[in-house]
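Since the structure comes first, as structure tokens, the remarks are kept for the end.
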């Protein structure tokens, strides 16, 4: 399964005063043309995450968009999501595929070419790689890896690579020039003054 989207919106409720505000932003992004959303709320309890996942699943279905759940194969299956996003501390790709009966698309978060290559070898459907640029949401992963690493990964891998970390509208051209298949965004869309308009612009320039 190859992604049929080029823009991957990742949630972060900590950017908002209330969860309802985040949900409103997600809906505006979907209305602006976003067709893939990753629910990435790692610190919620299972019940809280499940309830939120059901809500976001209903939203994505209304717009014909895909939903991915960060790390939790069980939650993804419970809400009939389209896939999961795994990290270095998650279960291996093959275990997630077996647990899901092969029905979920699997993305893997990576921070180097070696990690990206390993994710491909394990069978990931697509890979997110970053942070490409400096960004507050990815500071725990160290300094930006930069465009040359993105180019190296895109050139050496057969799986689609999504660039993440500090991606802005004025950086899209150089990101895609390095061979990125798509982009993954958090604050660039969710904290925009006009989420719908900004989403539409990102979608247009990523197509």
| If residue 69 passes every condition in (1) in a helix (DSSP H, G or I); (2) modelled with pLDDT of 95 or more but one, which one does it miss? | (1)
| Is it fair to say residue 48 is surrounded by fewer than 17 Cβ atoms within 10 Å (Cβ to Cβ) and closer than 26 Å to residue 156 by Cα? | no
| message | So residue 162 ticks every box in (1) in contact (Cβ under 8 Å) with a residue 60 or more places away in the chain; (2) within 18 Å of residue 147 (Cα to Cα); (3) part of a helix (DSSP H, G or I) but one. Which box is left unticked? | response | (3)
| message | Being within 17 Å of residue 105 (Cα to Cα) and either crowded, with 17+ Cβ neighbours inside 10 Å or in contact (Cβ under 8 Å) with a residue 24 or more places away in the chain (or both) is the filter here; which residues of segment 51-70 pass it? | response | 53, 57, 60, 64, 65, 66, 67, 68, 69, 70
| said: Taking the criterion of being out of contact with any helix residue (DSSP H, G or I) (no Cβ under 7 Å at 6 or more places or on another chain), at negative phi, outside any helix (DSSP H, G or I) and without any contact (Cβ under 8 Å) to a residue 60 or more places away in the chain, would at least one residue in segment 169-181 satisfy it? | reply: no
| request: Would you please list the contacts, defined by Cβ atoms under 8 Å and residues six or more apart or on different chains, that run from a residue in segment 80-92 that is at positive phi and free of Cβ contacts under 8 Å to residues at least 24 places away in the same chain to a residue that is part of a strand (DSSP E or B) and surrounded by fewer than 13 Cβ atoms within 10 Å (Cβ to Cβ)? | output: none
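Only residues that are surrounded by fewer than 16 Cβ atoms within 10 Å (Cβ to Cβ) and more than 20 Å from residue 134 (Cβ to Cβ): list them for segment 190-205, please. Can you show your working first?
Taking segment 190-205 first, the residues surrounded by fewer than 16 Cβ atoms within 10 Å (Cβ to Cβ) are 191, 193-194, 197, 204-205.
Hits for segment 190-205 are 193, 194, 197, 204, 205.
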| request: Pick out the one residue from 81, 18, 99, 25 that is farther than 25 Å from residue 112 by Cα and in contact with a strand residue (DSSP E or B) (Cβ under 9 Å, 6 or more places away or on another chain). | output: 81
| remark: Expected single match for more than 16 Å from the chain's Cα centre (by Cα), within 22 Å of residue 12 (Cβ to Cβ) and buried (at least 16 other Cβ atoms within 10 Å of the Cβ) among 79, 73 is 79
| Can you tell me which residues in segment 18-43 are outside any helix (DSSP H, G or I) and surrounded by fewer than 17 Cβ atoms within 10 Å (Cβ to Cβ)? | 18, 42, 43
| task | List every residue pair whose Cβ atoms lie under 9 Å apart, where the two residues are 6 or more positions apart in sequence or sit on different chains, the first residue falls within segment 16-42 and is on the phi > 0 side of the Ramachandran plot and in contact (Cβ under 8 Å) with a residue 24 or more places away in the chain, and the second residue, located anywhere, is surrounded by 23 or more Cβ atoms within 10 Å (Cβ to Cβ) and assigned to a helix (DSSP H, G or I). | result | 33/199; 33/202
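From the list 34, 19, which residue is closer than 25 Å to residue 181 by Cβ and touching a helix residue (DSSP H, G or I) at 6+ places or on another chain (Cβ under 9 Å)? Talk me through it step by step, then tell me what you get.
On the way: 19 fails: closer than 25 Å to residue 181 by Cβ.
After applying the criteria, what remains is 34.
Results for (1) modelled with pLDDT under 95; (2) surrounded by 20 or more Cβ atoms within 10 Å (Cβ to Cβ); (3) over 23 Å from residue 70 (Cα atoms), shown as yes or no for each residue.
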residue	(1), (2), (3)
159	no, yes, no
175	no, yes, yes
180	no, yes, no
188	no, no, no
207	yes, no, yes
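The values are calculated or read from the model by the stated rules, or taken from the named source; none is laboratory data. It should be emphasised that the depicted structure is a prediction, and the values quoted were computed from it without experimental measurement. All Cβ positions, glycine included, derive from the backbone under ideal geometry; neighbour counts span all protein chains shown.
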